[in-house]
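No lab work stands behind these numbers, since they all come straight from the coordinates. Computed from a prediction, not measured in an experiment: that's the story for all the values here. Cβ atoms come from the backbone with ideal geometry, glycine included; neighbour counts cover every protein chain shown.
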């Protein structure tokens with residue numbers, strides 16, 4: 001057996017010699033970690049996907065730390081990293097032999113950067129089918145783990161969990177905020193509003209935490225380039241300059257309607273190029289599309305869509321030319337808080353031109369994002385749109401998310417709640433934490 005391969009595996013499993021090692025690597029607790037732990041009652045392979053540098057490996061360490069604190073023995077947990085040169089070049093058979101030689105009682109297998117080794121899907125499927133481990137968890141870039149080949153190889157055998165940049169609650173915890181009870185939040189509202197403004201400006205990538213504006217922009221620009229080169233160009237054979245133009249245009253216009261034609265004109269690339277690159281940019285979770293809610297499937301696919309960026313900090317760092325205005329940045333943050341993969345999200349518009357930013361399912365409260373509803377005409381416009389949407393969707397309540405304004409109104413037998421952004425974001429965090437696999 002290759003001693004270098006064994007040494008590589010030992011290096012990625014420091015808890016074998018130091019029980020506290022995983023705790024030291026686990027960072028700020030992520031809400032998705034709780035959902036993955038709940039899912040461990042199922043034997044399915046756990047795919048942990050997300051945009052690059054959002055903290056997928058950290059989530060893996062948090063799960064390992066939780067298992068150790070729950071009574072698992074250190075040698076029952078094996079971590080592999082296919083970005084490690086020794087493991088990337090070794091055969092799957094040699095890797096498994098070396099891992100089991102070092103840890104014969106292994107029950108849990110964790111594989112980080114799984115996409116770096118061709119053929120991993122069938123190897124993992126074999127391990128799953130032969131029940132060699134009670135749990136298998138893998139992390140990788142979304143562009144690879146959500147690819148068609150992976151889905152076909154693991155059909156019926158896996159559950160996918162998405163890791164995003166920090167939510168607002170996680171951003172607060174990362175900055176030392178410890179109490180989230182209503183009295184504490186109310187008593188520190190000026191500080192909370194300052195943190196809210198910082199969150200919209202800085203975003204939630206863990207690596208940018210505590211950095212000044214120059215360092216943060218440099219990190220985010222490098223991340224953007226890495227995504228383009230490794231997840232879009234390398235995987236699709238895209239022309240780098242054309243892909244960059246399309247991505248720049250989309251990210252520079254968050255919360256706005258777009259069509260293939262409008263992007264082609266704005267980015268100065270052919271329409272068929274836009275049509276090819278849009279799915280690749282969405283697959284790596286750099287951007288998200290939001291479709292129109294309509295009872296007609298044909299109308300849904302024909303109508304313009306809206307675009308949102310994976311992170312407000314990344315969007316502001318990358319935006320070409322003028323920065324996105326605060327209203328659109330806030331709307332992007334509301335979208336990210338509402339977005340939940342098992343649940344569809346849309347925008348709504350009627351023939352009279354009244355528009356609501358977000359609707360989920362019929363009868364659920366439609367959500368409007370409005371930076372400052374202080375002017376009477378602004379309030380009236382938002383309320384007219386919400387009332388029309390509530391009538392169409394048979395919902396009794398609507399929500400207007402604001403920068404810092406709270407009120408509840410009853411109009412035409414309906415309830416409209418004005419909710420400050422921080423309250424809405426923290427509420428979405430709570431709902432997400434309660435959701436199961």
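Based on the alpha-carbon gyration tensor of segment 3-163 and its eigenvalue square roots a ≥ b ≥ c, which shape applies: rounded if a/c is under 1.5, prolate if not and a/b is larger than b/c, or oblate? Cα axes put segment 3-163 in the rounded bin.
Ranking of 116, 221 by neighbouring Cβ atoms within 10 Å, starting from the fewest: 221, 116. Axis angle, to the nearest 10 degrees, between helix 240-251 and the longest C-alpha principal axis of the chain: 50 degrees.
Could you tell me the relative contact order of the chain? Use alpha-carbon pairs under 8 Å, at least six residues apart, and round to a whole percent. Value for the chain: 14 percent. Structure remark: mean-square fluctuation, Gaussian network model of the chain, C-alpha springs under 10 Å; the largest value among 372, 181, 83 belongs to 181.
Can you tell me which of 232, 400, 415 moves the most in a GNM of the chain? Springs connect C-alpha atoms under 10 Å apart. For the chain, modelled as a Gaussian network with Cα springs under 10 Å, the answer is 415. Among 137, 185, 425, determine the one that fluctuates most according to a GNM of the chain built with springs between C-alpha atoms less than 10 Å apart. The residue that fluctuates most here is 185.
Fewest neighbouring Cβ atoms within 10 Å first, the residues 414, 344 line up as 344, 414. Restricting attention to the chain, close to 35% of DSSP beta bridges with both partner residues there are antiparallel.
Angle, helix 120-129 long axis vs. longest principal axis of the chain, Cα atoms, 0 to 90°, nearest 10? Around 70 degrees separate the two axes.
Seen against the Cα atoms of the chain and their longest principal axis, helix 376-393 is set at about 60 degrees.
Counting only DSSP H runs of at least 4 residues, each contributing -39500 (n - 2.57), and dividing by the residue count of the chain, the helix-based mean residue ellipticity at 222 nm comes to -13500 deg cm²/dmol.
For 314, 200, the sequence from fewest to most other C-beta atoms within 10 Å is 200, 314. From the square roots a ≥ b ≥ c of the eigenvalues of the alpha-carbon gyration tensor of segment 348-437, which class results: rounded (a/c under 1.5), prolate (a/b over b/c), or oblate? Note, shape of segment 348-437 comes out oblate. Once both labels are positioned 7 Å from their Cα atoms along Cα-to-Cβ, the gap between residue 221 and residue 239 label points is 2.4 nm. Taking 0.36 nm per residue of separation and subtracting the current Cα-Cα distance, fully stretching the chain between residue 262 and residue 134 would add 41.1 nm. For the chain, count all C-alpha to C-alpha pairs, find those more than 42 Å apart, and express that count as a whole percent of the total. Across the chain, Cα pairs with separations above 42 Å total 18 percent.
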